[in-house]
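Worksheet: the structure to be examined is printed underneath.
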Amino acid sequence: MESWTQVWELLSEKLNAWFDKLVLSLPNIILAIVLLIAGLFIIRMLKGKISKASTRISSKVALQRLVANMIRVALFILLLILILAVLGLSKSVTTILASAGVMGLAVGLALQDPLMNFFSGVIMSVKTSFNIGDFIESNGHIGSVQNISLRNTQIRTLTGEEVSIPNKMVLQNAVKNMSTNGTRRVDIVCGVGYSSNLRIVKEVAMKAVDPIAYKAETIARPVEFIFTGFGDSAINFQLRFWTNPDNVWQFLELKSEGIMRLKEAFDQEEINIPFPIRTIDFSNPLALNKDKV
């Protein structure tokens, strides 16, 4: 019985000491709760102003979002440090930071790909060849950029699918940006019959697409026509003209318009666009006899 009495006395003393410490720390706890509520409210109120201020840093939406997120994270960290200081846990912060270094190394080795995507996202936000809304081709996918996060780049393809490409793959592979220059070249491949007058063909084709070709005041973008070779049933050529489409759909519509204009002009001038022709030689009697057998 005496042993149980001693245990209960020690336990009571410990509980009383904790209770006394809790009572003494109660003002600090209340102040910490007030600081937490007020800090979260202030950070939420500053969200719009932070986003607006980030627009002055760069015109790139991805970089603006990165800066805004970094500022909000920094504010949350400062709020946490302030609350720990009010609670008298400043030494705990030093211990946590010291442990974080060792833990960070272990986590970094275990999460190489996610971290690589993260840092690639940071690099792409600061310096990248495309922005949100641009029409690009990357890793075999073609579409408009919907979002650039710290983990992946989201693309909406021509057929409407949403594709998320890890930032590491985007950064390490070639990216074709079709929106940077504002102009794109339309290439139409076709062929005419061997009996056609090639000079007339060239003149008719260039006049057909000239009305829809881009005519800049400072940079000349003439229509180009090149015969590329003798085909099996036609003399092949390539017709090129420049456009300044607002989006990829307009580019495709202009290419379609160019094909229709070319066909209409050839029909009007009676220029033949031949079908593929196959010639079967029946002059070999051995081949005929073999078929009969």
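Some points to look at:
Here is a yes/no grid of residues against (1) of a type in the set (D, E); (2) touching a helix residue (DSSP H, G or I) at 6+ places or on another chain (Cβ under 9 Å); (3) within 19 Å of K207 (Cβ to Cβ):
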| site | (1), (2), (3) |
| --- | --- |
| R221 | no, no, yes |
| F225 | no, yes, yes |
| N236 | no, no, no |
| T243 | no, yes, yes |
| Q250 | no, no, no |
| E253 | yes, no, no |
| Q268 | no, yes, yes |
| I271 | no, yes, yes |
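- Evaluation of V163 against (1) under 25 Å from H141 (Cβ atoms); (2) surrounded by fewer than 16 Cβ atoms within 10 Å (Cβ to Cβ) (one fails), failing number: (2)
- Residue check for K215: closer than 19 Å to P245 by Cβ and either assigned to a loop (DSSP other than H, G, I, E, B) or in the same structural domain as L254 (by TED's automatic domain parsing) (or both): yes
- For the stretch 33-46, filtering for residues that are modelled with pLDDT under 80 and touching a helix residue (DSSP H, G or I) at 6+ places or on another chain (Cβ under 7 Å) leaves 1.
- Filtered residue count, the stretch 232-246, keeping only those that are assigned to a loop (DSSP other than H, G, I, E, B) and in contact with a Phe, Trp or Tyr (Cβ under 8 Å, 6 or more places away or on another chain): 4
- Within the stretch 167-197, the only residue that satisfies the criterion of being among the polar types (S, T, N, Q) and in a strand (DSSP E or B) is N177.
The values are calculated or read from the model by the stated rules, or taken from the named source; none is laboratory data. If you're wondering where the values come from, they're calculated on a predicted model, not measured in any experiment. Using ideal geometry, Cβ is built from the backbone for each residue, glycine included, and neighbour counts are taken over all protein chains shown.
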